[in-house]
Structures are given as C-alpha cells and as structure tokens.
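Here is the structure we will look at, set down as structure tokens.
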Amino acid sequence: MLVSARGLGQGEPSNAIKLLHLVFLSTSWGMQIWVTFVAGFVMGSHLPRHTFGFIQRQLFPYYFHIVSACAFLNLTLFIIAFFVCVAASVLNTQWFGQVTADIVADMHLVERSHGLGQEVGLFTSQSHRQLRASSPSYRQLTRQFTLYHALSSLCNLCCIACNGLSLYYVAARLSAL
C-alpha cells in the first residue's frame, strides 16, 4: 500500500513523498558506500591504528544514527521492505556498533601499555600477534572485537543491499531522467 498526499492506498505517492524518499535513500546510500568502501580502507591503511580506531569510535555513532533515521523515514514514507534495513541499522546503533567501539577502546589500553598502536595499516603486526599469544585478556578482546565487528559489518552490508534494491526499484520505474 502506498502513502500519498491524498491518503493511504489512493494511487501514486505525491512528488513531495517521492522526493523525500530519494533524499533519504541517496543520503543513506552515499554514506554507506563512502564509509564502507572508501574511508575505512583509506584511513586504515594510512593512519596509526589507534588514531584510526579513535576516529571510528567518534564517527560511527553519528553514521549509524543517520543511516537508522534515513531507513526509518523511508520505511514510514514509502516501502515496507525497509523494515529489514531499519532493524539492521538499529542493531548497529544500539548494540553491535557500541560494543565494538567499547572493545576497541579496551584493546587500545592494553596495546598502549605494551607500546603498540602507532603502526600504520590494518594487518596485525608481529608485536600484536605476540601480545595476543601472551595475554589471555587481550586474546579475548580480539575475539570479541572480531565477532562484533563481523556482526556490525554484516548489518551494514544488509543495509547497503536493501538500499541498492530500492535504488534498482526506483531506477526501473523511471520513465525519463
């Protein structure tokens, strides 16, 4: 059932509703593509690990809230399929993103106490492997980080897929540019 300026289920949505849908969708999609496929890789390969982690801890709450708000607004404006996107975004906002950020902060404390964290690049250095081998608490933190980061990434990819399907749906129905 479509929402229109004339009421529920009475034909095509208004141009204002269509515009709002596209604004929220393009905002969310653009942020997701940039954060997931550009900024993370560039920062991860050019910044010290702790600087990279600090930036992510500061930006991710805003990122997840904006994506969640856009998904929620799209859900209420236009397409019920955005429910999946809303659910995944809220999981990231309320759980996976925050837990991952907290674990990273704890890992940074342990790493700093061992003189680590200024290495550039995402791949684990020999020093980090040695710390993981010698410290059960750090090994546990890295396992937790891996789990929650994977769950957060899965939610993020789910949102990208939902937005991509919506863009395909809209593009397939355009009569002209």
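The values are calculated or read from the model by the stated rules, or taken from the named source; none is laboratory data. Bear in mind that the values here come from a model prediction, so they are computed numbers and not experimental data. Here the Cβ is made from the backbone with ideal geometry for all residues, glycine too, and neighbour counts use every protein chain on show. Heads up: the accessible areas ignore ligands, DNA and RNA and are worked out on the full protein's heavy atoms, side chains in. Shrake-Rupley method; radii C 1.70, N 1.55, O 1.52, S 1.80 Å.
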Check your understanding: What is the number of the single condition among (1) farther than 20 Å from F41 by Cα; (2) of a type in the set (D, E, K, R); (3) at pLDDT below 90 that R139 does not meet?
Key -> (3)
Point to revise | Positions within the stretch 109-121 being surrounded by fewer than 16 Cβ atoms within 10 Å (Cβ to Cβ) and in a helix (DSSP H, G or I), in sequence order | key: L109, R112, S113
Point to revise | Tally of residues being open to solvent by 40 Å² or more (accessible area, probe 1.4 Å) and either of a type in the set (F, W, Y) or closer than 24 Å to E119 by Cα (or both) across the stretch 48-72 | key: 11
Revision key, fill the gap. Matching residues in the stretch 104-136 (of a type outside the set (F, W, Y) and either closer than 19 Å to L47 by Cβ or in contact with a strand residue (DSSP E or B) (Cβ under 7 Å, 6 or more places away or on another chain) (or both)) number 19
**Study point:** Close pairs from the stretch 33-47: first closer than 14 Å to S153 by Cα and open to solvent by less than 50 Å² (accessible area, probe 1.4 Å), partner among the aromatic types (F, W, Y) and in a helix (DSSP H, G or I), Cβ under 6 Å, at least 6 apart
**Key:** V35/Y63
Review point. Scanning for something part of a helix (DSSP H, G or I) and open to solvent by less than 90 Å² (accessible area, probe 1.4 Å), does the stretch 122-130 turn up at least one residue?
Key: yes
Exercise for review: Could you check how many residues of the stretch 62-107 are in a helix (DSSP H, G or I) and out of contact with any helix residue (DSSP H, G or I) (no Cβ under 7 Å at 6 or more places or on another chain)?
Suggested key: 8
**Study point:** Selection count, the stretch 82-123, where residues are on the phi > 0 side of the Ramachandran plot and touching a residue at least 24 places away in the same chain (Cβ under 8 Å)
**Key:** 2
Check your understanding: Given the structure, is A71 of a type in the set (G, A, S) and touching a residue at least 24 places away in the same chain (Cβ under 8 Å)?
Key -> yes
